[in-house]
Structure formats: C-alpha cells, structure tokens
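Heads up, the thing below is written out as structure tokens.
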Amino acid sequence: MRRKTPSNNSRALTAENVRIAKRLLSKDLKAGQLEALREMTLEFGLSLLQGELLLLDGKWYVTHAGLLRLAQRRGCRGIQTRSLREFCDAEAGRCVFKATVYKGRFPVSLPSSPSSAA
C-alpha cells in the first residue's frame, strides 16, 4: 500500500508535536517514541497541545479528547468503548479503554485510550 504524501498542515503539526514533546518530556523521551509520535500525528492528525495524545508507560495513547476530534473529523456515527480492566489502576485514578468507531455499517478499531478517573 502506498503512503500518501503529508500536507503542509500535517508537517507543521508533526513538528509542533515533536517540539512540545521534547520540551516537556526531554529526559524521558527515546528516539522510538518520537518516531511513534510522528507516525501517529501524520496518520491521525492529533495534537499534544490540544491534549489528544498522552505518553503513558513509554507508549503514546489517544485520549478521550483525541477520539472525539478524530470521530468528528472522519464523520463518525458512533463510538463504543469498553474498559480494559487488566490495564486499569484504581489507586492512580487511571483506566484504559478500547474504542470502536462506527463510521457507517462497519466498525473501525482505534488504539486504546487512557483516561484519568475524576
């Protein structure tokens, strides 16, 4: 499958996300994590500044805000979520969800989404 060429907006958002990640997480970031951030930004158009991505235990996750923005942008008809209890930590107030997005008649699975319990 041929990858489409990123637009100027995609490149700008990717550069912004990398710049923010380096500034906020510089001592904790590894090269592979920056590459994963670049790929997620280019594929999904999500923003660190808007709180749509979160680095948790060394991996990037799409937040609830990110799922909503992505769903709106892609003409989503609905989102079904379920918690993945084996990844939840009640003491830390953190839970991970699997989200299935319905664009039409068929679901599209997205990366698990971490959430902080209020």
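Tabulated data for the structure shown
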read-out	value
Of residues in region 21-37 being assigned to a loop (DSSP other than H, G, I, E, B) and within 12 Å of LEU56 (Cα to Cα), the one modelled with the lowest pLDDT	ASP28
Hits in region 44-60 - residues which are assigned to a loop (DSSP other than H, G, I, E, B) and at pLDDT 90 or above	GLY45, LEU46, SER47, LEU48, LEU49, GLN50, GLY51, GLU52
Those residues of region 78-101 which are surrounded by 10 or more Cβ atoms within 10 Å (Cβ to Cβ) and either in contact with a helix residue (DSSP H, G or I) (Cβ under 9 Å, 6 or more places away or on another chain) or farther than 22 Å from LEU46 by Cβ (or both), in sequence order	GLY78, ILE79, THR81, CYS88, ASP89, GLY93, ARG94, CYS95, VAL96, PHE97, ALA99, VAL101
Any hit, region 61-73, residues being buried (at least 18 other Cβ atoms within 10 Å of the Cβ), touching a helix residue (DSSP H, G or I) at 6+ places or on another chain (Cβ under 9 Å) and not in a helix (DSSP H, G or I)	yes
Filter result (modelled with pLDDT of 80 or more and within 24 Å of GLN50 (Cβ to Cβ)) within region 85-101	PHE87, ALA92, GLY93, ARG94, CYS95, VAL96, PHE97, LYS98, ALA99, THR100
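The values are calculated or read from the model by the stated rules, or taken from the named source; none is laboratory data. Worth saying up front: this structure is predicted, and the values here are computed from it rather than measured. Neighbour counts are summed over all protein chains in view; Cβ atoms, including those assigned to glycine, are modelled from backbone coordinates with ideal geometry.
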